[in-house]
Structures are given as structure tokens and as C-alpha cells.
Amino acid sequence: MNGRTFGYARVSSTEQNLDRQIEALIEYGVAERDIITDKQSGKDFNRSGYLALKEKMLRSGDTLVIKEMDRLGRDYEAIKNEWQQLQQMGVDIVILDTPILNTKEKSDLEKSLICNIVFELLAYTAEKERRKIKARQAEGIKLALEKGAKFGRPKFVVPDDFDKECRAWLEGEQTAVQTMKKLGMKKTTFYRVVNERIGYI
């Protein structure tokens, strides 16, 4: 008995359009009602559509169809783990733009070989992307320095009455929120400075 075929489409933001991916999935033969979508970053797999698909819909013998590998995700290790989990669930994967990676109707040996190819390809792609980003950052920093830009967070100047107001807080004369308001400080900055100066207050 053949399993069901599901499609998954993803874009990174609500402004982007899913039509191109959905059209390709329908053309492959995925019923529109079986296409799950997300408009969310691919940095991890904590996406409502994908989690519902994986945890509530996909069963052993089913097929998951995506247009491109990066629609599944962007992080190499995350995709590697996800691919392994789908294989362990007995779910076949079809990548429309890279047919050589399709596991549908393949033997266990072929699936294992495909799995290894996927991991090597992901590792290569991830490393290539890292180098590209690093090169761009270096070029950007060099250009900015040539234009006289200065890097680093501006040093926070502790208010003159910081110690006085903190003592009032520590002695119960006022709340932490009141102290922060008087000093004009955000919560994270306030507690960071408190930790740094606790011996002097």
C-alpha cells in the first residue's frame, strides 16, 4: 500500500511569495490540500507548519516533496539531523531541483548512499557560504575603516548618582524599577552595572 505524498514550501518572511514553490509541487502531483507552508526563517525547525507536518501527518511509507534543499532549512547540522529522522520514520524525500537526492523507490543501500551525498553536499555548501560571508564582512570592515568608521559599542557612562540611588534601593527605600527610572537605565544595563559595582555601593 502506497503512502501519501505531502509537499512543503517555505519562504523566510511574510512579504515573500510561496506561489512558485506551490506551483512546482502541484505540477509534481502533490494535492494542494497536502501542501504545508511556512513563512518563517530556516535557521531552525521550530516552525508551526513543518512541526505539524512531521509530528501529526507524516507516516512510514509517505513521501515529502520540496522544491529545493534550502526550503527544508539553512543550517547544515539541523538539516543533517532532520534528514536522518525522516529516513528513520520511513519517509521518502523528493527534491525537485536535485533529482539525484531523491530517495523514493530506492533500495536501502541507495538511500544510504544518497544520505552520504546529502551530508557531503550540505557540508560543502555550508563551508562555501561561511567563507563568502566572512569575505564580505572583511571587505565591508576594510571599506568602513578607510572611510573613518569606528567599531565597537559606545562605552556606557554610569550616572553620577548611581551609587546613591542603588543604596536607597538596597535599603528598601525604593523599588528596582523606581531606581532604574530615576537613573534613566534599562533593566539589563542596570543589573550589569550593579554586578560590576556591587562592592562599591
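We did not get these values from a lab; they are worked out from the coordinates using the rules stated. Remember, it's a predicted structure, so these values are computed and weren't measured experimentally. Cβ: placed from backbone, ideal geometry, glycine included. Neighbour counts: every protein chain shown.
Tabulated data
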| item | result |
| --- | --- |
| Loop-resident sites, region 1-103, for GluC sites (Glu not before Pro), counting at most 15 other Cβ within 10 Å (DSSP) | 15, 68 |
| Rounded FRET efficiency, nearest 0.05, which uses the C-beta distance separating residue 89 from residue 32 and R0 of 25 Å | 0.60 |
| Check: region 47-109 dipole with +1 on Lys, Arg Cβ and -1 on Asp, Glu Cβ, in debye | 200 |
| Rounded tilt (10° steps) of 19-28 against the dominant C-alpha axis of the chain | 30 |
| Charge dipole magnitude, Cβ of K and R +1, D and E -1 - region 5-125, Cα centre, debye nearest 20 | 240 |
| Whole-number D in µm² s⁻¹ for region 5-125, Kirkwood Cα-pair radius fed into Stokes-Einstein, 4 °C, 1.567 mPa s | 90 |
| Size descriptor, Kirkwood hydrodynamic radius, that averages inverse alpha-carbon separations across region 1-59, Å | 12.1 |
